[in-house]
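J.: For reference, the structure I am asking about is given below.
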Amino acid sequence: MELTGPRWKGKEFADTALANPMSEIVSRLRTSLSPSMPNALLSGCTALLEAEPDAADLLERTSIGQNITTFGGDKQCFQLGPEESFYLYHGLTCIRVSREDGTAVAESELWNHFCSERKTFPELYKAYSHLRSKNWVVRSGTHYGADFVAYRHHPALVHAEYAVLVVPENDGKASSTRLSAWPDLCCSLRLCGSVAKTLLILYVSSCSGDRSSVCSLEELTVEERIIRRWIPERSREGKCLAGDDETQ
C-alpha cells in the first residue's frame with residue numbers, strides 16, 4: 001500500500017482539526033493545570049493523575065494518558081506513561097509528582113527513577129518531546145511493534161500516520177543492535193505496510209554518554225529518517241501506459 005497522506009476517519013474531520021490546532025489545545029491544558037499543579041502518584045513506570053473536569057477534557061483532547069476512571073464523580077483518574085509523566089512535569093511544568101507516602105519527588109529523582117526503570121528512557125523521552133514539539137499526537141506503538149505511533153491530530157479524527165522506532169546513538173554509532181540487520185528492517189517495513197503506517201526512525205545521539213542528569217537532554221539531538229519499501233514492480237522500465245498495445 002502506498003500512503004498518500006493523512007487518512008481522516010470522517011469527511012469533515014480535517015476541517016475540525018484545522019479549526020482546533022493541537023498546539024492551542026496543549027497550551028490550554030498547561031494553562032488549566034498550572035494554577036493548581038495537581039499531584040500525580042508515582043507507581044513503578046507510571047503515574048496516576050486526578051484531574052478536574054476541564055483538565056480531564058483537555059487531557060482527553062491532547063491524548064495524554066489513559067482515562068482509567070471506573071466510578072462517577074467530578075474528578076477523573078489518568079494513567080500516565082513514563083514519557084507522558086515527564087512531559088507534563090518537565091516539559092509543560094504543570095503537575096507535581098509524589099510517592100505513595102505523600103513525599104514530593106524532585107525533578108532529578110524522577111529522572112533517575114525512570115532511567116533506572118528503562119535504560120533507554122532519555123532517548124525515548126527526547127523522541128517523544130521532539131514529536132510533541134512539532135504538534136504530533138504521540139501514543140504507545142506496542143501494538144504495531146514500534147516505540148510510538150504519531151497522529152496528525154486526535155486518534156478519534158485520524159489514523160496514525162507513522163510508526164516510530166527510536167534508535168540510540170553515541171558518537172554517531174548505534175548503541176544498540178536494533179535494525180542492525182536487514183531482516184529486522186524488512187520485518188519492520190512489512191509490518192508498517194500491513195497496518196498502513198510509514199516507518200519513521202528517530203536516531204537520538206549525543207557526544208557524551210552521561211545520562212545521570214536531566215541536563216543531558218540538552219545534548220541529545222534527533223535525526224529523522226523515513227524508510228519505505230522499494231517495490232520493483234513500480235520501478236520497471238517500459239511499463240505500458242493506458243491505451244498502449246501490450247506486447248507481453
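The values are calculated or read from the model by the stated rules, or taken from the named source; none is laboratory data. Note that the structure is a prediction, hence the values are computed from the model and not measured. We place every Cβ from the backbone using ideal geometry, glycine too, and count neighbours over all the protein chains shown. These accessible areas exclude ligands, DNA and RNA; they are computed on the full protein's heavy atoms, side chains included. Shrake-Rupley method; radii C 1.70, N 1.55, O 1.52, S 1.80 Å.
J.: Just to be sure I understand the model, the point goes 7 Å from the Cα along the line to the Cβ. What's the resulting residue 224 to residue 109 distance in nm?
T.: Distance between the two pseudo-spin positions: 3.7 nm.
J.: Under a Cβ-Cβ cut-off of 10 Å, what is the net charge of the residues other than residue 26 that fall near it, where Lys and Arg count +1 and Asp and Glu count -1?
T.: After counting each charged neighbour, the total is +3.
J.: As I understand it, the value is the acute angle between the Cα axis of helix 182-194 and the longest principal axis of the Cα atoms of the chain; what does it come to in degrees, rounded to 10?
T.: It is inclined by approximately 90 degrees.
J.: Something else: What number, in percent, do you get for the relative contact order of the chain if the mean sequence gap of Cα pairs under 8 Å and at least 6 apart is divided by its residue count?
T.: 17 percent
J.: Add -39500 (n - 2.57) for each DSSP H run of 4 or more in the chain, then divide by its residues: what number comes out at 222 nm, to the nearest 500 deg cm²/dmol?
T.: Per the formula, -8500 deg cm²/dmol.
J.: Amide H neighbours of residue 198 under 5 Å, at least 5 residues apart or on other chains, H built in the peptide plane: list them.
T.: Result for residue 198 returns 162, 163.
J.: Using only the alpha-carbon atoms of the chain, report the extent along each of the three principal axes, biggest first, to the nearest angstrom.
T.: The Cα atoms of the chain stretch 78, 46, 28 Å along their principal axes.
J.: How far apart, in nm, are the 7 Å Cα→Cβ label points at residue 41 and residue 134?
T.: With each label point 7 Å from Cα toward Cβ, the separation is 3.8 nm.
J.: Rounded to the nearest 20 debye, what is the charge dipole size of the chain about its Cα centre when +1 sits on each Lys and Arg Cβ and -1 on each Asp and Glu Cβ?
T.: Here the size comes out at about 360 debye.
J.: What figure, in Å² to the nearest 10, do you get for the accessible area of residue 225 with a 1.4 Å probe and non-protein molecules left out?
T.: Roll a 1.4 Å probe over it and residue 225 shows about 100 Å².
J.: Moving on. Any idea what angle helix 107-117 forms with the longest principal axis of the chain, computed on alpha-carbon atoms, 0 to 90 degrees, nearest 10?
T.: 50 degrees
J.: Whole-Hz Karplus ³J(HN,Hα) for the stretch 43-55, in order, using 6.51 cos²θ - 1.76 cosθ + 1.60 and θ = phi - 60°, x for Gly and Pro?
T.: The phi angles translate into 9, x, 8, 10, 9, 9, 10, 8, 10, 5, x, 5, 5 Hz.
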